[in-house]
Structure formats: structure tokens, C-alpha cells
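What follows is a set of notes on a single structure, which appears directly below.
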Amino acid sequence: MDLGVSQEGDGAWTRSKTRGAEASRGGSVRDAAFRLTSAVVGRRFKGAFDEMRRAQGFSAAELQERAEARLALLLQHAAENVPFYRDAYRNLGLDPNQLHGLDDLRKLPVINKNILREYRSEDFLAANVPVNRRLQATTSGSTGEPFSFYLDRRMMPLVFASHLFYDSWFGLHPFDRHIRIVAPSMMQRPVQGDTLKAARLRYAATTRLQSLYESWTQRSASVFEADAVEVHRQTEAFRPHYIVGYTSTLAVIASELLKRNLPLARKLKGIITIAEILTPERKLLIERYFDAPVINRYGQREFKFWCSQNCMDAPERFHVNTELVISEILREDGTPAAEGEVGRLVLTNLHNYVMPFIRYDTGDLARAEGQTVCACGRGFPLIERVEGRAAECIKDSSGKLVSPMSLSLYLFASNDFADTVRHYQLVEESQNRLRLLVVPADGFNEQARERLCDSLAQLLGESVTIEVKTVKAIPLEKSGKRPLIKPFHHVGVA
């Protein structure tokens, strides 16, 4: 079974797709830098990276067995050392020694940011884990209020390993040059945490290595300052192998550069989209301009690592990395969603022993996938697609949920508005009144405006009043994102 990566060690992997003397020299430099990274970050980095590469060839049953073995250790640890879970197990009459598999996991409560805010942080921190392993971090506050939490310092090698592991699927190498276009809150910065002397020295060395790595391989730009022409200039000057950025910003940049007829002289290996859903119209714009594979990643700031990535052979679907997390898609009543159903995406981090995130409601909606075997041969479980944030959904006149992804599919798959609409945002101004903000394409006219109103009325119900307003641009939120839907309870909250 060919999984697209070499199983023969670091050097073979980093050179597997290069040719010639120049490529060989580049591969040798990458090999040396890769081994230096392993030495500084720690042996767990190399071990985790090798294990992920090996695990992707396992069957679904083997991967589940590995995940459940990690889960059993985590659940017992939480029961013995974390006050919230110790009380939860006792109240539910559960014996932690008898909790082993996914069925047992479903007996535990689902937690979310609101529940975590209701308790003291000490209630979710493991009493037996040394303070020097705590890394304090904060979410971006895109839902209106920042949220502080703790990572496990021992997770960090897995974070680096997971990034390189996902890169390898699309032929990206550890020290390929790249441009990052993200919100300032995602720019690299030290994570807070009290450390012992040895840990402090290792952290200083890692930070220095990261700084050198970024100066060699990376250029960063804020989404708030990402001018399309300037991004084009930087790309031509820096000659990156790939670009990573917020999905909507990359789509806006692609649209503007297509309009200006400013192609890139050098072909990229890929475009990595993050932080927002990749809708069909956004993907089309990015593919048309950059002419490179679009790599879609899903992760949680609370987990630090990327939890899943789209498959090369089934680009619309996500593989969930069960070496890192266990995923569930749940109905409103807490039961597992059936194939094709949309439900809450709930994740369990298998590696945070400082502040365990067990059955954590991500706030995202996903569509359950019934297929168990993927064409690529990887055994990692599949998610059909991520529908968007639950907080960015509205309901039609019958009470049915309309997600950002379902709105996009309706406008651009069921009804072809690609030639008339460049970008859009649906704003719910009151319960039965909506305004569609449209950045018009060349084909937009009054007939297109009427078609949009009629189509949205069919989707949302005839009792809903819809206004279509053309604008020059869709403004960014404070989080650096452009939500496709702004429900009434979010209007006025930037």
C-alpha cells in the first residue's frame, strides 16, 4: 500500500520528491536541520513523527485500539487527579478502572467553554502534574470573549510532529519556505508558564531555534494588512514553496489578483487554508489563481495541534488523526449522528494531562461520514465536511438549521451565482429580516439581484424579508475572520 511517504527514515522522507545535485544539497541541509530540531525539541518529536507515519497504514480497527489504549490511561488519570472529573465520575457512579473504550467515553459529560468558565481553573488542572509542565494560552476571542486554558508542555513535540506529518501528505518538506497570512493572535509568540531550570533552558533553546527557522523559511503578514498586490510582491521576492492563511483572506487575495491579471511566476506546491470553512466558491477562487493543491486543515486553539486534514484522494473529506484526538459528531440529544447527519463536533485530546479536554464541544458543526475505508488507503476515520460554527448558523422559517456551508452549497452548487457574486455575507437583522451583502462580480445586475432574493426566499421561507445590498468589501471581524453568516445575536459584535 503506497501512502505517499517513505518509511525508511528522515533522510529518505525529506528527499523522496527531489531530484538532482541542487535538490540533494537542499535535502542534506534539511536532514541536518531536521536532526537538530529533534535534538533540541526532544526525542518525543522524532518518535511521534515516526509513529504517525507508521500508524496511517493501520486499519481502522487497529487505530481505534491504539486510541482506546491512550483513552483508558487519560480517563483514569483524570478520575484520580482532576477535581471536576473525580466528582463527575462519583456523581455518575462510574468506576474509572472500568472505562476503556469509546462506549465508556460517551458516559461522561460533554464540556464547553461556558462550563470551563463556570469553574475555577484548579478544578480542571491535574494536581499530580508539576507546575513547570503548564503552558498558559488564550483563544482569540472570536466568539466574543477570550478563554484562558493550559496546555501540557509534553505535548509540544507532538505539535511539531503533527505539522510535519500533515505536510508530508502533499510533498511539503520541513524547511520549505512559506508565507503565513493570519490574525495577529496566531503569530508565533512565547506561551506563558513557570519552568524549572532544565525546562527553561530547553524552552530558550527551542525558542531560539524557532526564531532561526522562521527567519530562514517564513514571512508573516496580518490579515488586517494583507494587501493583495503586496502579497504578490512578497511572493515573487521570497519565492515560497507554499502559502498558509485564513481561508476568506486567501480567497479575497486570489479574487483581486485575478481581477488585476497578476499571475505568479513560480508554481507553488500548495495553499493551506485554516481557521474558516473552505466553501466551494472560496476554493474555486483560490485554485483558479494559485493553480496549486488546496490543503484544508482543521484544528482547535485549545489543542494546539491540527486535528485533521483533507484527503488527497477525497479532497472534500477530512481524516481525523486518532493518534492525537478522538472525534464524535453528536445530535442535540447527545446521541451519535448517523451517516449524512449534521451534529456538534466533540473532541477528546489524548495528550493533555495538565488540563484534560475530554469530550470538548468545539462549537463547530460537522457532517458524519458513513464510509469507513478511504481511497487513499489511510485508516484514519473520516468526516464528510465541517459545516461551520454553530454560533454562525440561522434557522429558516420552519426551524431548520442553515449552516454557512449549506448556504454556500445552495448558492453556488444548486444555484450558479459564481459569475455574479465574488464575496458575500448574510446578516440576520431581526428574526424575519435578512440582508445579503454582496461584493459583485462582472456579471452582477438587477436580474441577478432579483434571482438572489428569490433563491434565498426559497431556502429560508417566503415569510422572510430579504434585501440584497452591494458593497465594495466584506469587513473583517476583530478575530480576523469573515463569517459567511452573522446571526441576529452576533450583529453588532465585531
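Laboratory data are not the source of any read-out in this text; all were calculated from the coordinates shown. This structure is a prediction, so every number in the text was calculated from the model and none was measured. Cβ coordinates were reconstructed from backbone atoms using ideal geometry, including for glycine residues, and neighbour counts include every protein chain displayed.
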For the pair A237/K469, report the inter-label distance in nm, with labels modelled 7 Å from Cα in the Cβ direction.
3.8 nm
What order do you get for V82, V182 when you list them from fewest to most C-beta neighbours inside 10 Å?
V182, V82
In terms of the ratio Rg/(2.2 N^0.38 Å) built on C-alpha atoms, what value belongs to the stretch 293-334?
1.30
Would you kindly state how much longer the chain becomes between R266 and A418 on full extension, computed as 0.36 nm times their sequence separation minus their alpha carbon distance, in nm to one decimal?
52.0 nm
Fewest to most Cβ atoms within 10 Å: E236, E276 sort as E236, E276
For the stretch 393-490, the spread of Cα positions along each principal axis, largest first, Å:
35, 33, 21
If you stretched the chain out fully between A457 and Q76, how much longer would it get, using 0.36 nm times the residue separation minus the C-alpha to C-alpha distance?
131.9 nm
Calculate, in nm to one decimal, what L258 and E341 gain on full extension: separation in residues at 0.36 nm each, minus their alpha carbon distance.
26.2 nm
Name the residue from P487, G443, S406 whose Cα lies farthest towards the positive end of the charge dipole of the stretch 393-490, charges +1 on Cβ of Lys and Arg and -1 on Cβ of Asp and Glu.
P487
Just to check I understand the Karplus step: with θ = phi - 60° and J = 6.51 cos²θ - 1.76 cosθ + 1.60, what whole-Hz values come out for the stretch 431-439, glycine and proline as x?
4, 10, 10, 10, 10, 9, 7, 10, 8
Nitroxide proxy distance, nm - points 7 Å out along Cα→Cβ at K400 and R120
4.9 nm
P(r) histogram, all alpha-carbon pairs of the stretch 215-316 included - 10 Å bins from 0, percent
14, 50, 31, 5
What is the packing order of peptides 128-135, 462-469, 116-123, taking the mean over residues of other C-beta atoms within 10 Å and listing the highest first?
128-135, 462-469, 116-123
Any of K46/K304; K400/K478; K259/K283; K395/K472; K259/K472; K107/K304 with alpha carbons more than 20 Å apart? Name them for me.
K400/K478; K395/K472; K107/K304
According to a simple spin-label model (label point 7 Å from Cα along Cα-to-Cβ), what is the distance in nm between E287 and N91?
4.8 nm
Rg/Rh ratio calculated on Cα atoms of the stretch 302-375 (Kirkwood radius)
0.97
Residue order, fewest to most surrounding Cβ atoms within 10 angstrom, among H163, H178
H163, H178
